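K.L.:
One structure follows; several queries about it will come next.
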Amino acid sequence: MWILSRSLYRSKIISLSNVAGNRRTSAIQLELAGWTPFRQTAHYVIPQGSEGVGVGGSKTGGGGAAQAWLFAWDKEAVDNAQAEHNATGLDLAVIPESALRALPRAIGNEQQISSHACLDGIEALVTRDGVVTECQWWPSAPNQAVWMNFQRAAGVDLNLRSIALPALTETAWLGRPMGYARGQANAPDALRETSVVAITALLLAIPTTWFLNDYRRHAEALSQAEARLASTEQELNGLLSLRGNALGSLVRVAKFDAAFNQIDSLALFADISRLLGAIVKPGTMVLNEWDWRDDGGGSRTDGRSKRLKMIFTVNGTAPPATTLVKAFEANPNFRNVQIDAEGARIAIEVRVERPEQNRSDLSALPLPVSPTTPGAVSPSATNPAANIPTAQVKS
């Protein structure tokens with residue numbers, strides 16, 4: 001216990017008679033919050049009245065006290081003093097001297113004025129109905145003028161006033177201090193707050209436990225889901241790698257197949273020579289020009305689908321366009337036959353898919369061509385061929 005002498009703290013008395021009993025503790029705390037005479041202020045409270053501290057320091061209650069005797073001191077200065085005496089780690093309770101003195105108090109409605117010696121000065125008290133109503137401390141005995149002013153300010157009855165300071169009253173030390181420190185565990189408001197906190201903690205324990213258990217389950221489920229996701233991603237990466245390798249192999253195979261399955265131009269013109277030889281006499285249709293290109297609009301875009309355009313010059317009577325269409329339709333390697341006949345000029349355009357290989361000897365089937373046209377084939381005879389499903393005729 002660390003006892004503060006009377007010179008180290010200030011005091012004041014507040015009345016709680018107009019405050020409801022269940023709100024008096026809150027009123028005291030509100031008063032203390034507004035009373036901070038020091039930069040770091042510590043407080044102590046002595047409840048007084050019918051439910052407070054009685055004569056001789058006996059307690060009759062606290063939460064509903066009609067008055068309160070409040071004390072304030074410089075907490076920083078006290079902490080420094082304790083540090084100088086190596087008492088910082090002892091967690092000592094700081095008690096003002098007034099809380100440990102058995103002060104004389106008037107009984108009933110009687111008013112009483114008294115003085116007593118403190119550890120470092122003199123204190124005068126005015127009491128009525130068992131409670132302190134006014135107090136004043138001096139470092140030494142006050143003169144007559146100061147004493148008279150105190151009595152007038154304290155409202156001392158005229159018949160009790162004295163010219164000189166009365167003789168000092170002996171005040172014994174109490175075995176236990178009156179009142180409580182602000183925020184102390186045994187303070188009425190602190191006890192109430194502790195009860196509220198305990199009840200609130202109990203009420204929150206059940207939903208908190210449920211929440212923590214539910215959170216644990218969700219955390220485990222999330223961990224398992226993340227593990228499954230990582231495993232799935234690993235498997236997917238393997239499948240994507242295999243798919244990429246397979247697609248690469250497929251592209252190489254397609255290129256290899258296209259390279260070795262090109263349309264055989266000699267076999268193609270042999271088919272055309274046989275086809276025309278079945279419907280016209282030799283020398284009647286002479287090939288002047290031909291154009292050979294990739295087929296960009298067909299269903300097959302590799303080297304086995306081409307567009308062939310041929311321009312013939314007719315010597316004599318040309319066969320009807322429908323006859324030519326039917327002749328080209330008979331060959332399954334020709335698609336989309338288009339024939340444009342203008343006088344002695346006949347233009348034939350077809351889409352060619354790779355014809356069958358291993359045709360018969362082409363040397364005996366020359367196709368008549370103009371000797372002045374470069375790149376032309378010059379067979380001299382044609383043979384019959386077969387049918388194709390679609391054709392377009394222009395005349």
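The values are calculated or read from the model by the stated rules, or taken from the named source; none is laboratory data. All of these numbers come straight from a predicted model, not from anything done at the bench. We place every Cβ from the backbone using ideal geometry, glycine too, and count neighbours over all the protein chains shown. In case anyone asks, the SASA skips ligands and DNA or RNA and just uses the protein heavy atoms, side chains included. Shrake-Rupley method; radii C 1.70, N 1.55, O 1.52, S 1.80 Å.
K.L.:
Filter the stretch 134-151 for residues that are assigned to a loop (DSSP other than H, G, I, E, B) and either open to solvent by less than 50 Å² (accessible area, probe 1.4 Å) or free of Cβ contacts under 8 Å to residues at least 40 places away in the same chain (or both) and give the result.
P.N.:
Of the residues in the stretch 134-151, the ones assigned to a loop (DSSP other than H, G, I, E, B) are 139-143.
Hits for the stretch 134-151 are S140, A141, P142, N143.
K.L.:
Which of the residues spanning the stretch 197-254 are of a type in the set (G, A, S) and either on the phi > 0 side of the Ramachandran plot or over 23 Å from the mean Cα position of the chain (by Cα) (or both)?
P.N.:
Within the stretch 197-254, A198, A201, A205, S231, G238, S241, G244, A246, G248, S249, A254 meet the criteria.
K.L.:
Another question, then. Looking only at the stretch 1-50, count every residue that is out of contact with any strand residue (DSSP E or B) (no Cβ under 8 Å at 6 or more places or on another chain), farther than 21 Å from D79 by Cβ, assigned to a helix (DSSP H, G or I) and open to solvent by 50 Å² or more (accessible area, probe 1.4 Å) and tell me the total.
P.N.:
5
K.L.:
Would it be correct to say that A330 is among the small types (G, A, S), modelled with pLDDT under 85, surrounded by 13 or more Cβ atoms within 10 Å (Cβ to Cβ) and out of contact with any Ser or Thr (no Cβ under 7 Å at 6 or more places or on another chain)?
P.N.:
Considered against the rule, which asks whether it is among the small types (G, A, S), modelled with pLDDT under 85, surrounded by 13 or more Cβ atoms within 10 Å (Cβ to Cβ) and out of contact with any Ser or Thr (no Cβ under 7 Å at 6 or more places or on another chain), A330 comes out as yes.
K.L.:
Continuing with the same structure: Assess whether E97 counts as being of a type in the set (D, E, K, R), modelled with pLDDT of 90 or more, touching a helix residue (DSSP H, G or I) at 6+ places or on another chain (Cβ under 6 Å) and surrounded by 12 or more Cβ atoms within 10 Å (Cβ to Cβ).
P.N.:
Taking the combined requirement at face value, the residue satisfies it.
K.L.:
When the residues of the stretch 80-99 are filtered to those that are assigned to a helix (DSSP H, G or I) and of a type in the set (D, E), which remaining residue is farthest from G179 (Cα to Cα)?
P.N.:
Let us first name the residues in the stretch 80-99 that are assigned to a helix (DSSP H, G or I), namely 80-84, 88-90, 97-99.
With the extra rule that they be of a type in the set (D, E), the set shrinks to 84, 97.
On the way: E84: 28, E97: 12 Å.
My answer is E84.
K.L.:
Could you list, in sequence order, the residues of the stretch 152-164 that are in a helix (DSSP H, G or I) and touching a strand residue (DSSP E or B) at 6+ places or on another chain (Cβ under 7 Å)?
P.N.:
So the first thing to find is which residues in the stretch 152-164 are in a helix (DSSP H, G or I), and the list is 152-154, 158-160.
Correct list: A154, L160.
K.L.:
Pairs needed: first member in the stretch 27-40, under 21 Å from Q67 (Cα atoms); second member anywhere, of a type in the set (S, T, N, Q) and surrounded by 15 or more Cβ atoms within 10 Å (Cβ to Cβ); C-beta distance under 8 Å; at least 6 residues apart or different chains.
P.N.:
W35/T41
K.L.:
Scan the stretch 333-345 and report the pairs whose first residue is closer than 11 Å to M310 by Cα and whose second residue is open to solvent by 60 Å² or more (accessible area, probe 1.4 Å) and of a type in the set (S, T, N, Q), with Cβ atoms within less than 7 Å and a gap of 6+ or a chain change.
P.N.:
Q338/Q392
K.L.:
Mind listing whichever residues of the stretch 232-290 are hydrophobic (A, V, I, L, M, F, W, C), open to solvent by less than 40 Å² (accessible area, probe 1.4 Å), closer than 20 Å to K309 by Cα and in a helix (DSSP H, G or I)? So that I can check it myself, show each step before the final result.
P.N.:
Within the stretch 232-290, the first condition is being hydrophobic (A, V, I, L, M, F, W, C), and the residues that meet it are 236, 239-240, 242, 246-247, 250-251, 253-254, 256, 258-260, 263, 266-270, 272, 275-276, 278-280, 285-287, 290.
From what's left, open to solvent by less than 40 Å² (accessible area, probe 1.4 Å): 258, 263, 267-270, 272, 275-276, 280, 285-287.
Narrowing the set further to residues that are closer than 20 Å to K309 by Cα leaves 263, 267-270, 272, 275-276, 280, 285-287.
Within the stretch 232-290, A267, L268, F269, A270, I272, L275, L276 meet the criteria.
K.L.:
Still on this structure, please answer the following. Restricting the stretch 112-133 to residues that are open to solvent by 20 Å² or more (accessible area, probe 1.4 Å) and over 27 Å from W2 (Cα atoms), which is modelled with the lowest pLDDT?
P.N.:
So, considering only residues that are open to solvent by 20 Å² or more (accessible area, probe 1.4 Å) and over 27 Å from W2 (Cα atoms), the one modelled with the lowest pLDDT is D129.
K.L.:
If you don't mind, there's one more thing I want to ask. Exactly one condition in (1) within 26 Å of D91 (Cα to Cα); (2) open to solvent by 70 Å² or more (accessible area, probe 1.4 Å); (3) modelled with pLDDT under 90 is false for K75; which is it?
P.N.:
(3)
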